[in-house]
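Scroll down for the structure; my scribbles are underneath it.
The values are calculated or read from the model by the stated rules, or taken from the named source; none is laboratory data. Computed from a predicted model, the values in this text were never measured in an experiment. Neighbour counts run over all protein chains shown; Cβ positions are idealised from the backbone, glycine included. In case anyone asks, the SASA skips ligands and DNA or RNA and just uses the protein heavy atoms, side chains included. Shrake-Rupley method; radii C 1.70, N 1.55, O 1.52, S 1.80 Å.
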Amino acid sequence: MYRVKMFLPRFCRVWPPTRLWSAFLMIAMSTFCLSAQNEPLHVIAFGAHPDDCDIGAGGLAAKYAALGHKVKFVSLTNGDAGHQSMGGGQLAMRRRAEAQEAGRRIGIEYEVLDNHDGQLLPTLGVREQVIREIRAWKADIVIAPRPNDYHPDHRYTGVLVQDAAYMVIVPNLVTDTPPLHKNPVFLTYHDRFTLPQPFRPDIVVSTDDVYEKKINMLDAHVSQMYEWLPWTEGKLEQVPKDVDARKKWLPTQYPDAVPPEWRASLQKRYGDQARSTQHAEAFEITEYGRQLSEQEIRRLFPFFPK
Ligand SMILES: [Zn+2]
């Protein structure tokens, strides 16, 4: 009681705020805000195959990495079916090495899980792998394909990540990995499918400044960019044999141009700069994760001009 009496008069001498006290409060608050802003964001992207994340979000990942944020790509399968003349363990090893080189080139982590390519199913076991990955990365943002796609592995990757949303905060599930305290933001990559509904470009990020880095990342997936994918599209003979020439050819396959339906979203965040943007990546915010105010969007995507 005595101590309280002694404390109160002293406290009241500086309250209501004096000029000195206000200055102290302002410095403390700005230091707090600055450290909150400087806290690195944790972004995790899932793909069915080693190269899927790169195609959908390689530019975004390079932008985060350049600012010191933490990015991880996870392939849910080992890619052991994705080639016309090799397969099995030999191909899986080759693709894991390509993925790790791709991650190294832009400064992110890349993990390839050992599930078979072309056989992915939305089982409880794989869902638990996804929950572990998201929790262990302490993800603020999770990116995955939409659950409608031509390839069943892509489709089920979308389902698996969608099914992990919310479950990542439930402590009684996957008890070997501590739960997150809040549901992350769940985004999907852009795709061209229109049923049951077309992709909605909620977040469009200019990748002009990192486009070369993205091409350099894709170039690491030699078995895919220069062998398997051209073979599936009947244009293997178009691929230049020379290492430098084929890297110059790659942008013709992945121009990341800005379609007209992305322009409004780009304009909303970039203003006049949007007119000169040549390359971009777009993402939809799903309804299953944390929903964002415009202020939070600008904090989580620290690329837009103020
Ligand atoms: Zn794929």
Out of (1) in contact with a His (Cβ under 6 Å, 6 or more places away or on another chain); (2) within 16 Å of the ligand (Cβ to nearest atom), the one C53 does not meet is (1)
Quick check: anything in the range 146-156 part of a helix (DSSP H, G or I) and more than 13 Å from the ligand (Cβ to nearest atom)? no
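Do we have T194 as touching a residue at least 40 places away in the same chain (Cβ under 8 Å) and either polar (S, T, N, Q) or assigned to a helix (DSSP H, G or I) (or both) here? Before the answer, list the steps.
On the way: touching a residue at least 40 places away in the same chain (Cβ under 8 Å): no; either polar (S, T, N, Q) or assigned to a helix (DSSP H, G or I) (or both): yes.
For T194, the condition - touching a residue at least 40 places away in the same chain (Cβ under 8 Å) and either polar (S, T, N, Q) or assigned to a helix (DSSP H, G or I) (or both) - is not met.
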Residue check, V185 hydrophobic (A, V, I, L, M, F, W, C), more than 16 Å from the ligand (Cβ to nearest atom) and touching a residue at least 24 places away in the same chain (Cβ under 8 Å): yes
Of (1) more than 18 Å from L229 (Cα to Cα); (2) open to solvent by 40 Å² or more (accessible area, probe 1.4 Å); (3) touching a residue at least 24 places away in the same chain (Cβ under 8 Å); (4) more than 14 Å from the ligand (Cβ to nearest atom), Q100 fails just (3)
*asked:* Can you say whether G89 is part of a loop (DSSP other than H, G, I, E, B) and farther than 28 Å from Q197 by Cβ, as far as the supplied structure shows?
replied: no
When restricted to K241, K247, K213, the only residue in contact with a Gly (Cβ under 9 Å, 6 or more places away or on another chain) and open to solvent by 40 Å² or more (accessible area, probe 1.4 Å) is K213
